[in-house]
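The values are calculated or read from the model by the stated rules, or taken from the named source; none is laboratory data. Computed from a predicted structure; not experimentally measured. Note that we place each Cβ from the backbone using ideal geometry, even for glycine, and neighbour counts take in every protein chain shown. When the accessible area is computed, the model is the full protein with side chains, heavy atoms only, and any ligands, DNA or RNA have been set aside. Shrake-Rupley method; radii C 1.70, N 1.55, O 1.52, S 1.80 Å.
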Amino acid sequence: RAVKSTTGSIKIFPSMLVRKRDYSQAEQDYYDMIARYGQKSRQSGSIRGKIDHFSDAARFRMLKQLGSIGREDPPHMCTLTYRSGSANFEQSKKDLRKFSKRLDREFGISHKTTEPYIRKDGLPDLRTRIKYEPQWAGVWRFEVTTGRGTRAKGATPHFHILVWCDEWHELDPYELDHRISNIWCEVTKDGGEDRMRYGCDIKASHGDQTKLKNYMLGHHGKKTDQEAVGAGKHWGMINKHLLNIGEPIAEYELTADQRNKYDRITRQIIARRTGTEARDINDLKETHTVLSPWETSRLLDYLQASKVSG
């Protein structure tokens with residue numbers, strides 16, 4: 001089906017360019033018809049099956065969400081590990097929840113409230129409750145070790161977490177590592193000098209998008225035996241509201257000609273990265289492309305697109 005050229009826009013995120021394509025009313029009606037009659041609706045009562053592996057669709061959703069984060073401060077890369085054979089999948093997910101709550105307390109704002117209640121002896125009294133407003137956010141990824149090492153007792157879970165927290169940048173790296181390692185040891189109830197040294201590893205990313213992408217993908221694609229099977233969700237977000245999802249740092253309007261030029265350039269870039277033949281992406285409603293700040297600047301200068309004010 002021939003698709004007419006229409007206008008669009010580019011939303012600039014710290015790690016991704018998102019190109020939106022404006023459909024004409026006739027095109028929108030056509031694609032709505034395809035969606036209505038050409039695809040099965042999930043409103044039919046079907047139930048999503050159990051998550052048994054890190055699928056390509058889940059991988060794409062994770063990368064898309066990472067690229068849609070609007071925060072410009074670079075995250076830290078925090079890796080949490082266990083002693084070999086000391087934790088199963090269920091226990092590790094519980095520890096992750098406990099760990100996040102501890103960070104809420106450690107790097108959050110406390111709010112105290114007083115409320116009346118009735119004591120066990122029947123007399124009225126007042127009690128103080130403390131709620132913590134988190135000042136950090138993260139994206140986590142779940143993997144397992146192979147359990148094949150000379151001293152390995154079995155496959156053991158571990159977490160890769162990207163942490164956005166202003167206070168972390170102000171702390172001395174050694175102090176930060178010690179505080180987070182101590183929290184992880186208390187959560188897992190497995191302390192000792194070796195766990196303080198090896199249980200938690202924190203590195204600054206300096207905003208390197210390639211490094212962040214490879215860190216979150218982990219061994220997916222090169223060591224599939226480190227993929228957790230039958231372990232539930234393989235990735236997720238913590239305090240998502242602090243990640244500024246979908247809030248670009250800049251937005252540019254595109255004419256039909258500028259959008260066609262953008263699509264021609266990006267499809268060549270995608271083809272080179274994937275080693276496949278370039279395909280026409282002109283009719284796609286939305287495309288996502290990861291470019292360095294220097295490449296983004298060159299592309300915008302070439303397109304001469306007009307920036308949306310505000």
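For the range 171-214, taking the residues that are more than 20 Å from ASP104 (Cα to Cα) and of a type in the set (Phe, Trp, Tyr), the one that is modelled with the highest pLDDT is identified as TYR174. Kindly indicate the residue of the range 52-64 that is part of a helix (DSSP H, G or I) and in contact with a helix residue (DSSP H, G or I) (Cβ under 9 Å, 6 or more places away or on another chain) and also surrounded by the most Cβ atoms within 10 Å (Cβ to Cβ) among those meeting that condition. Checked the range 52-64; the qualifying residue surrounded by the most Cβ atoms within 10 Å (Cβ to Cβ) is MET62.
Taking the criterion of being open to solvent by 70 Å² or more (accessible area, probe 1.4 Å) and at pLDDT below 90, the residues of the range 222-242 that qualify are LYS222, LYS223, THR224, VAL229, LYS233. Taking every residue in the range 270-286 that is modelled with pLDDT under 85 and pairing it with any residue that is assigned to a helix (DSSP H, G or I), at least 6 positions away or on another chain, the pairs with Cβ-Cβ distances below 6 Å are ALA278/ARG267; ALA278/GLN268; ALA278/ALA271; ILE281/ASP263; ILE281/ARG267; ASN282/ASP263.
Look at the range 93-116: where a residue is touching a residue at least 40 places away in the same chain (Cβ under 8 Å) and a partner is assigned to a helix (DSSP H, G or I) and surrounded by fewer than 15 Cβ atoms within 10 Å (Cβ to Cβ), sitting 6+ places away or on another chain with Cβ atoms under 8 Å, you get ARG102/GLU186; PHE107/GLU167. When ASP121, ASP125 are checked against the criterion of being among the acidic types (Asp, Glu), at pLDDT below 95, open to solvent by 30 Å² or more (accessible area, probe 1.4 Å) and not in a strand (DSSP E or B), ASP121 stands alone in meeting it. Cβ separations smaller than 7 Å between residues 6+ apart or across chains give the following pairs from the range 165-193 residues that are under 28 Å from HIS206 (Cα atoms) to residues that are among the β-branched types (Val, Ile, Thr) and not in a helix (DSSP H, G or I): LEU176/ILE202; ASP177/ILE202; ILE180/ILE202. The criterion of being open to solvent by less than 70 Å² (accessible area, probe 1.4 Å), at positive phi and in contact (Cβ under 8 Å) with a residue 40 or more places away in the chain does not hold for GLY70. Search the range 162-214 for residues being of a type in the set (Val, Ile, Thr) and out of contact with any Pro (no Cβ under 9 Å at 6 or more places or on another chain), and hand back the single one that is most open to solvent (accessible area, probe 1.4 Å). Of everything passing the filter in the range 162-214, THR210 is most open to solvent (accessible area, probe 1.4 Å). Note on the range 76-92: residues that are open to solvent by 40 Å² or more (accessible area, probe 1.4 Å) and aromatic (Phe, Trp, Tyr) total 1. Take the range 258-269 and flag every residue that is within 30 Å of ALA26 (Cβ to Cβ) and either in contact (Cβ under 8 Å) with a residue 12 or more places away in the chain or not in a helix (DSSP H, G or I) (or both). Once the filter is applied, which keeps residues that are within 30 Å of ALA26 (Cβ to Cβ) and either in contact (Cβ under 8 Å) with a residue 12 or more places away in the chain or not in a helix (DSSP H, G or I) (or both), the range 258-269 yields GLN258, ARG259, ASN260, LYS261, TYR262, ASP263, ILE265, THR266, ARG267. Within the range 243-253, the set of residues being under 18 Å from MET62 (Cβ atoms) and surrounded by 15 or more Cβ atoms within 10 Å (Cβ to Cβ) comprises LEU243, ASN244, ILE245.
THR255 meets each of the listed conditions (1) touching a residue at least 24 places away in the same chain (Cβ under 8 Å); (2) under 21 Å from LYS211 (Cα atoms); (3) of a type outside the set (A, V, I, L, M) apart from (2).
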